[in-house]
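The values are calculated or read from the model by the stated rules, or taken from the named source; none is laboratory data. Note that the structure is a prediction, hence the values are computed from the model and not measured. Here Cβ is always computed from backbone atoms with ideal geometry, including for glycine, and neighbour counts include all displayed protein chains.
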Amino acid sequence: MCLGGASGELASASNFAIGLMLALVFLVLGSFGGFIVYLARKARLAEMDDVNLNNDLTGYNR
């Protein structure tokens, strides 16, 4: 594809669009990563609460 030179308006707009799409990809991947970390923390807290509840029911406390 001929952009009419390295400093043309079309080349500048194409570079901006590529940067914008790349930023969008990183935003989506970061959101998925953050959600996975959130779920891992919630699972760990739920497991700790379950252990504490079981200890209270059996009368065993550390």
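Listed here are the residues, each with its yes/no results for (1) loosely packed, with under 10 Cβ neighbours inside 10 Å; (2) outside any helix (DSSP H, G or I); (3) within 35 Å of the chain's Cα centre (by Cα); (4) modelled with pLDDT of 95 or more.
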site	(1), (2), (3), (4)
LEU3	no, yes, no, no
LEU10	no, no, yes, no
LEU29	no, no, yes, yes
ALA43	no, no, yes, no
ARG62	yes, yes, no, no
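Would you please list the contacts, defined by Cβ atoms under 9 Å and residues six or more apart or on different chains, that run from a residue in the range 16-45 that is among the small types (Gly, Ala, Ser) to a residue that is surrounded by fewer than 10 Cβ atoms within 10 Å (Cβ to Cβ) and part of a helix (DSSP H, G or I)?
From the range 16-45, no pairs qualify.
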